[in-house]
Amino acid sequence: MTDNYLDLTMDEVYDVISNVNVWPASFDTNRKIQFMTSMIEYFIKKEEYEKCAFLQEYINGLENNKQTDRHSGIEPN
């Protein structure tokens, strides 16, 4: 039962990230990256590689924004 609950929760969180793009206010860029990296590890075990690809692209975008914004002093959302 716990595994099923975890599956449902991870799918729901993925849907929120991919469709709504809402994050808790306490999640800075580094925390988002760490969280999505953990999600990728989970989805690899489930062999849900399309979700992994989306999350990795999202992470890449955040990392690119961090590198760009580092010089301007602006912290991305």
### Query
How large is ³J(HN,Hα), in whole Hz, for each residue of the range 47-59 in order, when computed from phi with the Karplus curve 6.51 cos²θ - 1.76 cosθ + 1.60 and θ = phi - 60°, using x for Gly and Pro?
6, 9, 6, 5, 5, 4, 4, 4, 5, 5, 4, 4, 4
### Query
What does a probe at residue 67 reach in the range 32-49, counting residues whose amide N is under 17 Å from the point 7 Å along Cα→Cβ?
33
### Theoretical FRET efficiency, 1/(1+(r/R0)^6), r = Cβ-Cβ of residue 22 and residue 47, R0 22 Å, to 0.05
0.20
### Query
In the full protein assembly as shown, how much of residue 59 is accessible to a 1.4 Å probe, in Å² to the nearest 10?
10 Å²
### Query
Which order do 43, 35 take when ranked by solvent-accessible area (1.4 Å probe, heavy atoms of all protein chains), largest first?
35, 43
### Message
For a quick check of your reading of the filter: which trypsin sites (Lys or Arg not before Pro) in the range 1-60 sit in a DSSP loop and have no more than 15 other Cβ atoms within 10 Å?
### Response
46
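The values are calculated or read from the model by the stated rules, or taken from the named source; none is laboratory data. If you're wondering where the values come from, they're calculated on a predicted model, not measured in any experiment. All Cβ positions, glycine included, derive from the backbone under ideal geometry; neighbour counts span all protein chains shown. Accessible surface is based on the protein model in full, side chains and every heavy atom, while ligands, DNA and RNA are left aside. Shrake-Rupley method; radii C 1.70, N 1.55, O 1.52, S 1.80 Å.
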